[in-house]
Amino acid sequence: MKGIRIFLADGFEETEALATLDVLRRGKIDARTVSTKEEGTLVTGSHGIPVVADMSFSEFLSGLKEEGTGPNDIMVFPGGMPGTRNLAANGELMDIMKRHRASGGTVAAICAAPGLVVSQLDDLEGIRFTCFDGFEDYLTGKGAEYVKAPAVADGGIITGRGAGCAIDFGLKILECLNGPDAATAVRKGLML
């Protein structure tokens with residue numbers, strides 16, 4: 001998979017998805033949202049807010065190219081309930097994530113998504129991560145190290161703690177893509 005894709009399943013946490021998308025686009029990153037619905041792009045967040053994704057899941061699949069995947073190609077998974085469970089239950093998406101990571105791509109997840117989605121990866125031994133309180137056991141059980149911080153990047157995995165940390169999460173992704181100066185410029189523009 002090439003590019004930056006934010007996957008939206010019904011019940012996603014709106015702040016985590018949209019604040020991340022906003023930060024990345026402010027940083028001049030071509031990030032796009034993907035509905036996990038086979039057809040259609042309208043996805044409803046966990047607080048009833050309808051969002052039109054940039055593409056449907058079938059459109060994403062039709063443009064899927066995994067050759068040459070690198071660390072700047074990022075699959076982003078917001079949290080929220082039942083959105084995170086819906087992401088984790090999508091076997092095809094989870095298989096794509098595993099192949100993406102195995103090909104050198106980066107996986108980013110926030111809130112419950114590190115616990116329910118990222119934990120489906122096998123190579124987590126020694127990886128530092130953060131997540132919403134109560135979801136850490138999914139990864140620590142695989143040898144990852146929990147850090148109570150707004151956002152953490154380690155070994156091709158970027159994680160965020162929760163909705164209140166969504167901007168930090170977006171800035172961490174931007175920093176990993178374009179360096180600390182790019183993140184600092186967006187941070188200043190947001191008056192943080």
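Segment 62-117 holds helices (runs of 4 or more DSSP H) entirely within its bounds, and those carrying 2 or more residues that are over 23 Å from residue 130 (Cβ atoms) map to 91-102.
Could you say whether any residue in segment 69-87 is of a type in the set (Ser, Thr, Tyr) and open to solvent by 10 Å² or more (accessible area, probe 1.4 Å)? So far as segment 69-87 goes, yes, one or more of its residues are of a type in the set (Ser, Thr, Tyr) and open to solvent by 10 Å² or more (accessible area, probe 1.4 Å).
Scanning segment 138-192 for residues that are in a loop (DSSP other than H, G, I, E, B) and among the charged types (D, E, K, R), which turns out farthest from residue 16 (Cα to Cα)? The selected residue is 142.
Please indicate, with yes or no, whether at least one residue in segment 109-122 is under 14 Å from the mean Cα position of the chain (by Cα), within 19 Å of residue 2 (Cα to Cα) and open to solvent by 10 Å² or more (accessible area, probe 1.4 Å). Within segment 109-122 (the criterion being under 14 Å from the mean Cα position of the chain (by Cα), within 19 Å of residue 2 (Cα to Cα) and open to solvent by 10 Å² or more (accessible area, probe 1.4 Å)), the answer is no, since none of the residues qualifies. Within segment 25-61, the set of residues being part of a helix (DSSP H, G or I) and either in contact (Cβ under 8 Å) with a residue 12 or more places away in the chain or over 16 Å from the mean Cα position of the chain (by Cα) (or both) comprises 26, 57, 58, 59, 60, 61.
So is residue 128 in contact with a Leu (Cβ under 7 Å, 6 or more places away or on another chain), over 20 Å from residue 17 (Cα atoms) and charged (D, E, K, R) or not? When the stated conditions are applied, residue 128 does not pass them.
If the condition is being in a loop (DSSP other than H, G, I, E, B) and of a type in the set (Phe, Trp, Tyr), then segment 1-24 contributes only 12.
For segment 148-163, state whether one or more residues are open to solvent by less than 60 Å² (accessible area, probe 1.4 Å), farther than 28 Å from residue 61 by Cβ, touching a residue at least 60 places away in the same chain (Cβ under 8 Å) and within 13 Å of the chain's Cα centre (by Cα). Checked segment 148-163: at least one residue is open to solvent by less than 60 Å² (accessible area, probe 1.4 Å), farther than 28 Å from residue 61 by Cβ, touching a residue at least 60 places away in the same chain (Cβ under 8 Å) and within 13 Å of the chain's Cα centre (by Cα).
A residue that is within 13 Å of the chain's Cα centre (by Cα) and either under 14 Å from residue 76 (Cα atoms) or loosely packed, with under 14 Cβ neighbours inside 10 Å (or both) occurs nowhere in segment 133-147.
Scanning segment 56-68 for residues that are on the phi < 0 side of the Ramachandran plot and open to solvent by 40 Å² or more (accessible area, probe 1.4 Å) gives 59, 61, 62, 63, 64, 65, 66, 67. So for segment 99-117 (the condition being of a type outside the set (A, V, I, L, M) and free of Cβ contacts under 8 Å to residues at least 24 places away in the same chain), does at least one residue qualify? Among the residues of segment 99-117, not one is of a type outside the set (A, V, I, L, M) and free of Cβ contacts under 8 Å to residues at least 24 places away in the same chain, which makes the answer no. So, of the residues in segment 31-55 that are farther than 20 Å from residue 85 by Cβ and at pLDDT 95 or above, which turns out to be least open to solvent (accessible area, probe 1.4 Å)? Ranking the qualifying residues of segment 31-55, first place goes to 31.
The values are calculated or read from the model by the stated rules, or taken from the named source; none is laboratory data. Every value quoted in this text rests on a predicted model; they were computed, and no experiment measured them. Cβ sites come from the backbone with ideal geometry, for glycine too, and all protein chains shown count toward neighbours. Only protein heavy atoms, including side chains, enter the accessible area calculation; ligands, DNA and RNA are left aside. Shrake-Rupley method; radii C 1.70, N 1.55, O 1.52, S 1.80 Å.
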